[in-house]
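Okay, structure first, notes after.
The values are calculated or read from the model by the stated rules, or taken from the named source; none is laboratory data. These numbers come from a predicted model, not from an experiment. Every residue, glycine as well, gets a Cβ built from its backbone with ideal geometry; the counts of neighbours run over all protein chains shown. Side chains included, ligands, DNA and RNA excluded: accessible areas come from the protein's heavy atoms. Shrake-Rupley method; radii C 1.70, N 1.55, O 1.52, S 1.80 Å.
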Amino acid sequence: MSNHLIYIGRAAINVLAVFWFIFLVTPIVVTVIASFTSSSYLIFPPPGFSLQWYFKGMGVHWFWTTLGNSLIIAVMSTAIAIFIGVIGARVLARHKFVGRGIFEYVVLSPLIIPGVVVGFALFTFIILIDFQESPLVNLIIGHTVVTIPFTVRSIWSSMAYSDISLEEAAQSLGATPWATFWNVTFPMILPGIIAGAIIAFTFSFNDVTISAFLVAKETRTLPVELMSHIEYVPDPTPASISSIMILITLAFFLIVERTVGIGIFTEK
């Protein structure tokens with residue numbers, strides 16, 4: 001009887017896994033296929049195949065401007081998130097102190113709290129301190145807040161499995177804390193830094209929820225502009241640009257998987 005229950009339970013889990021995989025992947029597949037349509041409006045399945053919307057997408061006036069904004073924000077927020085992530089990961093991996101659990105929860109909380117809540121909270125805070133005149137800085141700060149958990153998680157995982165005796169040996173031989181970190185610790189946690197940077201950059205570059213609360217006319221990001229375009233213009237241009245973003249995101253995840261493995265985000 002128990003064996004039958006175990007079999008039924010495993011079968012149910014497999015069915016649910018397949019269902020959610022199809023549920024998540026289907027919109028991506030539909031978007032990519034529809035982007036090659038020869039029609040003047042978005043339709044699936046496409047009546048014919050054409051690359052015209054990819055060429056048009058590259059030529060629209062807002063594409064390169066918003067792409068530049070997205071790249072600047074993603075690069076800056078990722079760099080800051082990596083710096084904070086190294087500090088946070090070292091505190092969590094190397095130190096025991098009162099309130100450590102609270103500190104961990106605060107650092108990783110953006111993974112738990114819905115993005116719309118974080119975005120609205122940041123928007124409200126900016127209004128309260130009257131800092132609306134610096135939308136680019138606000139976007140960088142907002143994206144840094146939500147990408148820090150990715151960098152902390154991956155770097156923490158690398159640091160937790162690194163050999164602390166090597167650091168102690170370096171310091172016992174006269175190395176300064178900075179020299180110990182740069183020559184001993186840094187090479188050991190480099191895979192975690194790379195993985196965290198790639199995930200943080202990808203998340204920031206594709207973010208809509210946080211950006212929608214913080215953008216201004218001159219700092220609109222590519223995902224926000226795509227969302228606006230979809231709302232008012234029914235042509236397949238957003239599908240072609242989204243397909244390019246999907247391929248870039250997939251390439252980043254493949255790089256992580258081939259170098260350090262996706263499991264680095266679940267281990268510590």
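Working only within segment 162-201, note down all residues that are of a type in the set (A, V, I, L, M) and open to solvent by 60 Å² or more (accessible area, probe 1.4 Å).
ILE164, LEU166, LEU173, LEU190, ILE194
Counting only residues that are in contact (Cβ under 8 Å) with a residue 12 or more places away in the chain and in a helix (DSSP H, G or I), which one in segment 52-64 is nearest to ASP207 (Cα to Cα)?
PHE63
Quickly run through segment 78-103 and pick out the residues that are at pLDDT below 80, exposed (fewer than 15 other Cβ atoms within 10 Å of the Cβ) and either part of a helix (DSSP H, G or I) or among the basic types (Lys, Arg) (or both).
ARG94, LYS96, ARG100, GLY101, listed by residue number.
Among the residues of segment 128-150, which ones are open to solvent by 80 Å² or more (accessible area, probe 1.4 Å), farther than 17 Å from VAL224 by Cβ and assigned to a helix (DSSP H, G or I)?
Across segment 128-150, the qualifying residue is only LEU128.
Checking the structure you have, find out if any residue of segment 51-60 is touching a Ser or Thr at 6+ places or on another chain (Cβ under 9 Å), surrounded by 12 or more Cβ atoms within 10 Å (Cβ to Cβ) and closer than 30 Å to SER158 by Cα.
no
Looking only at segment 14-50, count how many residues are loosely packed, with under 10 Cβ neighbours inside 10 Å and in contact (Cβ under 8 Å) with a residue 24 or more places away in the chain.
Residues in segment 14-50 being loosely packed, with under 10 Cβ neighbours inside 10 Å and in contact (Cβ under 8 Å) with a residue 24 or more places away in the chain: 1 in total.
Scan segment 207-225 for residues that are closer than 12 Å to HIS143 by Cβ and not in a helix (DSSP H, G or I) and report the count.
4
Let me spell it out: the conditions are (1) within 30 Å of SER242 (Cβ to Cβ); (2) open to solvent by 60 Å² or more (accessible area, probe 1.4 Å), and SER154 meets all of them except one. Which number is the exception?
Looking at each condition in turn, SER154 falls short on (2).
Could you check ILE264 against (1) at pLDDT 75 or above; (2) open to solvent by less than 60 Å² (accessible area, probe 1.4 Å) and say which number it fails?
The number of the failed condition is (1).
Only one of VAL118, VAL107 is part of a helix (DSSP H, G or I) and at pLDDT below 80. Can you tell me which?
Exactly one residue qualifies, and that residue is VAL107.
In the set VAL116, VAL75, VAL106, which member is free of Cβ contacts under 8 Å to residues at least 12 places away in the same chain and open to solvent by 70 Å² or more (accessible area, probe 1.4 Å)?
Selected residue: VAL106, the only one of VAL116, VAL75, VAL106 that is free of Cβ contacts under 8 Å to residues at least 12 places away in the same chain and open to solvent by 70 Å² or more (accessible area, probe 1.4 Å).
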